[in-house]
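Visitor: If you scroll down you'll find the structure; I have some questions about it.
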Amino acid sequence: MSADRPTHPQGPAALGYAMPAEWDPHEATWLTWPANLITWPDGRLEAVERAYAKVIESLLPHEKVRLIVRSPEEREKAEKTLKSAGSLTRNLIVYEKPAVDSWIRDYGPIYLKGRDGSKAWCKWRFNAWGGKYEDLFPDNDLFADPSLVPERCFVKDMVLEGGSIEVDGAGTCLTTEQCLLNPNRNPAMTKQEIETALRDYLGVSQVLWLKEGVAGDDTDGHIDDIARFCPGGVIAAAYEKNENDPNHEVLKHNWNLLEEMRNLKGEKWDLVRLPMPAPILAEGEPLPASYANFYIANKTVLLPVFEDPKDLEALTILKDLFPGRTVVPVACREVVYGMGTLHCLSQQEPR
């Protein structure tokens, strides 16, 4: 972290800060315009840009979009794409910054709200999912500039990606052992030490652990592909009925764990099964396509869809879970080639 960004000796929870639920009111959504041809090669980028245009068009009427681009030329390209979609409004705020890739959920700010209504954020360490992609290491420093996110910052020298945690805004954090206990993240930390860090920096009172993520997930089991909190004490969890599918046993085991878990009142969670799309392969290997990677915004829920018959089933389920929001399907069959979809590519900023 840059020396320009001050640190604070106390964790934010001790000062009254906590990470709000994703469905709490947003000031903005952060995005980084897609441009990495290693992530989306062979002509896929155009389809990914169209998906971004639909996302931004769905968000702008209801909240700001803070969009990172890498150059004036990329700004011009993004604005041209958005104009063709009828999306360019005063709610779009564009920053020119040297981002390498678009996975802002994992390297961007994780926002907190104080009991007094003030806003702050956590800066964790991003090591490109256990050191897998050295070319993406510079994204760890993208938000070191205090002018980009001027709110109070709490720096924690621990590897953590935003997609690896899920909070309900009422004291519970959900995560996976495959990711947070992976030796490629924080090998010197025990499970108890990691839980303490999550309590101190996210303002939660309990941490619930699932086991593994979906097949093909290069993030080592991010929670946002398998189980998501929804309003009213609901957890929407990915579930694969086909016993011959590689995700069947993993997701069944996670479901069984969820059935045994309790909220802070000692009550069972209201569990809802989300289907899985049929496997999508690239070079013979599965991609981490999951309907659980939806993004909750102020008036919309953005749902990744994959040209799959189960798209409609997932859409219907989310409409029931979010009756006050419009569920917007976004074509992500090409997007997921980059190893993630809508939740991975976005980061909420609370109001």
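Where a number appears in this text, it was derived from the coordinates with a stated rule and is not lab data. Being a predicted model, the structure only gives us computed values, none of them experimental. Heads up, the Cβs are rebuilt from the backbone with ideal geometry, glycines too, and the neighbour counts pull from every protein chain shown.
Visitor: Once you charge only the Cβ atoms, +1 for Lys and Arg and -1 for Asp and Glu, what is the size of the charge dipole of the chain about its Cα centre, to the nearest 20 debye?
Guide: 1220
Visitor: Ordered by packing density, taken as the mean number of other Cβ atoms within 10 Å over each peptide's residues, highest first, how do 133-143, 100-110 rank?
Guide: The peptides rank, most packed first, as 100-110, 133-143.
Visitor: Which residues' amide hydrogens lie under 5 Å from the amide hydrogen of residue 301, considering only partners 5 or more residues apart or on another chain, with H built in the peptide plane?
Guide: The list, which skips near neighbours in sequence, is 326, 327, 328.
Visitor: Is the shape of region 240-302 rounded, prolate or oblate, going by the alpha carbon gyration tensor and its root eigenvalues a ≥ b ≥ c, with a/c under 1.5 for rounded and a/b larger than b/c for prolate?
Guide: Oblate shape, in that a/c is at least 1.5 and b/c is the bigger or equal ratio.
Visitor: While we're here: Over region 12-350, what is the relative contact order in whole percent, taking alpha-carbon pairs under 8 Å and six or more residues apart?
Guide: Rounded, it is 22 percent for region 12-350.
Visitor: What aspartates and glutamates sit close enough to residue 123 to cross-link, taking a C-alpha to C-alpha distance under 15 Å and skipping anything fewer than 8 places away on the same chain?
Guide: Cα-Cα hits under 15 Å: 4, 106, 139, 141, 145, 151, 157, 161, 200, 349.
Visitor: Here's something else I'd like to know. For the cross-link pairs 97/319; 54/268; 113/265; 64/265, which exceed 32 Å when the distance is taken from alpha carbon to alpha carbon?
Guide: Pairs exceeding the cut-off: 97/319; 54/268; 64/265.
Visitor: Net charge around residue 168, counting only other residues with Cβ within less than 13 Å of its Cβ (Lys, Arg = +1; Asp, Glu = -1)?
Guide: -2
Visitor: Next question, about the same structure. Take peptides 111-118, 217-224 and line them up by average Cβ neighbours within 10 Å, highest first, as a rough protection proxy.
Guide: Averaged packing, sorted descending, gives the order 217-224, 111-118.
Visitor: Suppose R0 equals 35 Å; then what is the FRET efficiency for residue 144 and residue 188 from their Cβ-Cβ distance, rounded to the nearest 0.05?
Guide: The value I calculate is 0.90.
Visitor: Please check: in the Gaussian network model of the chain (C-alpha springs, under 10 Å), which one of 245, 200, 168 has the largest mean-square fluctuation.
Guide: For the chain, modelled as a Gaussian network with Cα springs under 10 Å, the answer is 245.
Visitor: Most mobile of 313, 260, 195 per a Gaussian network model of the chain (Cα springs, under 10 Å)?
Guide: Between 313, 260, 195, it is 260 that shows the largest mean-square fluctuation.
Visitor: Still on this structure, please answer the following. Working out 0.36 nm times the residue gap between residue 244 and residue 265, then minus their Cα-Cα distance, what length gain in nm do you get to one decimal?
Guide: 3.8 nm
Visitor: Also: Add -39500 (n - 2.57) for each DSSP H run of 4 or more in the chain, then divide by its residues: what number comes out at 222 nm, to the nearest 500 deg cm²/dmol?
Guide: Taken over the chain, the calculation gives -6500 deg cm²/dmol.
Visitor: Let me ask something additional. Name the long-range amide H neighbours of residue 65: under 5 Å, sequence gap of 5 or more, or other chain; modelled H, no Pro or chain starts.
Guide: HN-HN under 5 Å from residue 65: 29, 92, 93.
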